[in-house]
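The values are calculated or read from the model by the stated rules, or taken from the named source; none is laboratory data. From a predicted model like this one, the values you see are computed outputs, not experimental measurements. Cβ placement follows ideal geometry from the backbone for every residue including glycine, while neighbour counts extend to all protein chains displayed.
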Amino acid sequence: MRSTNRLSVLLFATYREQAGCKEVALEVPAGATVREVAAQLEAAFPELTLQGALAAINETYAAPDAVPAAGDTVAFFPPVAGGSGAAEAGRDHLFVVSGALDLEHLHALAVAPRYGAVASFVGTVRSPNAGQPVSHIDYEGYEAMILTQMKRAAAELRGRFALGHLVFAHRLGRLTPGEASIAIVISSEHRRAALEATHAAIDRLKELLPIWKREVTEAGAQWVAGSSAAAETL
């Protein structure tokens, strides 16, 4: 008899809605790939369609032919659309929050006498969008993996630029027009590194962070299409 592995499977955004649940304990044949795990899920939940999904194993993006081990957590989510948690290690300050971003505090974290430049970016909910007034946006995310991918982006930036303090913060939950959803603050000894790193961080976080947006307008609600640049989809 072929042995099996027990996995914890997480579903996000549209896939959570299709399956009617967020977490599933699943027994799969030993050696089953991520693609085969997805097929077994689709068989168990007839309304669930995972074609085009991104996957992660233990908070790290995984290819469809990757093989999870017994006890692993496998997550499926749509391409990213770029509770609370936080991670601070030395000069990296990384946050996922459910309340309003304290922009003054985040800016202060990047300031130090030895750094002569501080660059920042704040992304806000806009309205109208595509000609439709926006009532609000619901941001959903895989919080533990958001912090993991923030750490990855921070390490990549430090490999490219001479930086001081680096601050990433993203808000989840319901936001109305004008409210800040993301803040990036970076300091360096000279302005060029801070400015270029901030620009690079905007693009990289949009690619990496497993966050999805459900936009509500007068015409109804829809999940905003995202990017699959971070990994191969199913």
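Summary table below
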read-out	value
Pair list, Cβ under 6 Å, 6 or more apart: the range 129-141 residue within 12 Å of A219 (Cα to Cα), other residue of a type in the set (A, V, I, L, M) and surrounded by fewer than 14 Cβ atoms within 10 Å (Cβ to Cβ)	Q132/A219
Residue, farthest from W212 (Cα to Cα), within the range 114-146, restricted to residues that are outside any strand (DSSP E or B) and hydroxyl-bearing (S, T, Y)	Y115
Residue selected from the range 1-35 under the condition in a loop (DSSP other than H, G, I, E, B) and charged (D, E, K, R), by the criterion nearest to A69 (Cα to Cα)	R2
Complete set of residues in the range 63-113 that are modelled with pLDDT of 95 or more, part of a strand (DSSP E or B) and small (G, A, S)	A75
